[in-house]
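Sharing a structure below in structure tokens format, with a few things to ask.
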Amino acid sequence: MRGMKRKKTVQISLVVLMMVMGLMLQQGTGFSFGKDKDKDKDRPARLVTMAVEYPGVVIPPEEDLSMDIIFHNKGRSDENVDVWIAEKPENWKVRIKTYRFTVTGIHVPSGDDKTLTLEADPGKEVKPGKYEFRIEAKTRDGQFNMTETVVATIKEKEEGEKEDRGVKLTTSYPVLRGPSDGEFEFSVEVDSKLDKDEVFNLFVQGPDGWEINFKPAYESKYISSLRIKANQSQTVAVQVKPSLSAQEGEYPVNIKVSSGEAKGEVPLTVILTGTYGIEVGTVTGLLSLDARQGKPANMSFYIKNTGSAVNKAVKFMSFKPENWKIEFKPEIIEAIEPGGLKQVEVIITPYDESLVGDYSVNVRIDGEKTSETLEFRVTVKASAAWAWIGILIIIAVTGGLTALFRKLGRR
């Protein structure tokens, strides 16, 4: 009986809760989607606008123009908008497109933004100056008519600037830096402006003795030409390997492509920071020395810079038996020129209570981007005082035995 009363009470509570929630929804308070409905009520029934990303741009000669056209639907209803090029300069190829298609219209949902792209290619006859493009759009019922103008200014070619015809080369990273014994790889995009498929020959001008090759992107084979479809582009990798004798500095690498009258080029730069290497050792080749407990023992070793770059801030670190002392003179070498030689003295002091025997002491030489290790064998011998004591004991024992033998001999 009590169970039935509880069940009935729960059902009544749920009904009351649902009635309260319905009332709150009608009043538009306490819930986020109620507020969204209020926002929708604040919007006009219909409102569509059009804007271009950059109404005015400056581009180099024969550079393509690419511009976003943005549609804003601020109304409460979805809209279909027709769009077209109302006016364009002579000798320009102009189109409105998405990432794949040329389009003449676009659907813009309520409260959303949609983007199209204006693309314009200047012909060879186009000279430096200002050129206007007028874009018009309207809704299907003609309720909204929109117009935007883009002004493109083609600048004069600067003195010394190379002229590309029919093909354009671009790269995101025209300057690469690294050691002289490294390899460098540039990525160059070859963009054909021709209306037909064409084979482009690849050429390079670089420093003497350098190995420079062309490769298709993500492939290992070498190529000397590239077939590109009409108005398409391909990416080619330029692999650069400096000569073994190359010193630090900047080196230009000029890439050219050509096919008939079409030609283009792009300058690249390799900055060599030099190679880093050191050689360490002793003049005699020996890496062993004798030492006594608690007494310093000295040994010298040399450091030679075998790289092509200055080796700076050369430091030393030792790995030694417990309670031993290791010192270096000097403690740090500020710089070693390529081919230069420096001498370092290492002072090894065994622990006062070290046992007689052989020990290993490692010394690590840390240069700039390189390091080497020397291993010394240190033989600890007994102190000289103990040697004299031993000699005196032997003399005393010998003298005692001699006296004893004489005394026994008289008997």
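The values are calculated or read from the model by the stated rules, or taken from the named source; none is laboratory data. Quick caveat: nothing in here was measured; it's all calculated off a predicted structure. Positions of Cβ are backbone-derived with ideal geometry, glycine not excepted, and every protein chain shown enters the neighbour counts.
Looking at region 169-224 only, could you name the residues that are free of Cβ contacts under 8 Å to residues at least 60 places away in the same chain, more than 18 Å from Pro252 (Cα to Cα) and either assigned to a loop (DSSP other than H, G, I, E, B) or of a type in the set (Val, Ile, Thr) (or both)?
Correct list: Asp195, Lys196, Asp197, Ala217, Tyr218, Glu219, Ser220, Lys221, Tyr222, Ile223, Ser224.
Any residue in region 383-400 that is in contact with a strand residue (DSSP E or B) (Cβ under 6 Å, 6 or more places away or on another chain) and either at pLDDT 90 or above or not charged (D, E, K, R) (or both)?
yes
OK, next. Could you tell me whether region 294-309 includes any residue that is assigned by TED's automatic domain parsing to the domain that holds Leu355, among the basic types (Lys, Arg) and in a loop (DSSP other than H, G, I, E, B)?
Among the residues of region 294-309, at least one is assigned by TED's automatic domain parsing to the domain that holds Leu355, among the basic types (Lys, Arg) and in a loop (DSSP other than H, G, I, E, B), which makes the answer yes.
Would you mind stating whether Gly166 is assigned to a strand (DSSP E or B), on the phi > 0 side of the Ramachandran plot and of a type outside the set (S, T, N, Q)?
Yes.
Between Gly281, Gly277, which is under 30 Å from Gly340 (Cβ atoms), surrounded by 15 or more Cβ atoms within 10 Å (Cβ to Cβ) and of a type outside the set (Asp, Glu)?
Step by step, each of Gly281, Gly277 is checked, and only Gly277 is under 30 Å from Gly340 (Cβ atoms), surrounded by 15 or more Cβ atoms within 10 Å (Cβ to Cβ) and of a type outside the set (Asp, Glu).
Any chance region 52-59 includes a residue that's small (Gly, Ala, Ser), modelled with pLDDT of 90 or more and within 20 Å of Asn145 (Cβ to Cβ)?
no
Taking region 291-327, which residues are free of Cβ contacts under 8 Å to residues at least 40 places away in the same chain and more than 28 Å from Gly274 (Cα to Cα)?
Correct list: Glu322, Asn323, Trp324, Lys325, Ile326, Glu327.
OK, next. Quick one: how many residues across region 312-354 are within 16 Å of Asp290 (Cα to Cα) and part of a strand (DSSP E or B)?
The qualifying residues number 7.
Turning to a different aspect of this structure: Which count do you get for residues in region 114-133 that are surrounded by 13 or more Cβ atoms within 10 Å (Cβ to Cβ) and outside any loop (DSSP other than H, G, I, E, B)?
Total satisfying the criteria: 10.
While we're on this one: Within region 220-235, can one find any residue that is aliphatic (A, V, I, L, M) and within 23 Å of the chain's Cα centre (by Cα)?
no
Does Pro296 meet the test of being surrounded by fewer than 16 Cβ atoms within 10 Å (Cβ to Cβ), closer than 30 Å to Gly166 by Cα and either in contact with a Phe, Trp or Tyr (Cβ under 7 Å, 6 or more places away or on another chain) or not hydrophobic (A, V, I, L, M, F, W, C) (or both)?
no
Looking at Val314, Val346, which one is surrounded by 13 or more Cβ atoms within 10 Å (Cβ to Cβ), out of contact with any Ser or Thr (no Cβ under 8 Å at 6 or more places or on another chain) and not hydroxyl-bearing (Ser, Thr, Tyr)?
Val314
Could you look through region 279-323, keep only residues that are within 30 Å of Leu244 (Cβ to Cβ) and basic (Lys, Arg), and pick out the one that is nearest to the chain's Cα centre (by Cα)?
Top of the filtered list is Lys312.
Restricting attention to region 192-204, does a residue exist that is among the hydrophobic types (A, V, I, L, M, F, W, C), at pLDDT below 90 and more than 30 Å from Ser308 (Cα to Cα)? Steps first, answer last, please.
Looking only at region 192-204, we keep the residues that are among the hydrophobic types (A, V, I, L, M, F, W, C), and these are 194, 199-200, 202-204.
Still in the list and also at pLDDT below 90: 194.
Narrowing the set further to residues that are more than 30 Å from Ser308 (Cα to Cα) leaves 194.
There is at least one residue in region 192-204 that is among the hydrophobic types (A, V, I, L, M, F, W, C), at pLDDT below 90 and more than 30 Å from Ser308 (Cα to Cα).
Also, quick follow-up: Select from region 195-244 the residues that are farther than 21 Å from Ser259 by Cβ and of a type in the set (S, T, N, Q) and write down the one among them that is surrounded by the fewest Cβ atoms within 10 Å (Cβ to Cβ).
Top of the filtered list is Ser220.
I need every pair where a residue in region 242-270 that is in a strand (DSSP E or B) has its Cβ under 6 Å from the Cβ of a residue that is aromatic (Phe, Trp, Tyr), sequence separation at least 6 or different chains.
That search, which allows pairs on different chains as well, returns Lys256/Phe203; Val257/Phe200; Ser259/Phe200; Leu268/Phe186; Val270/Phe184; Val270/Tyr251.
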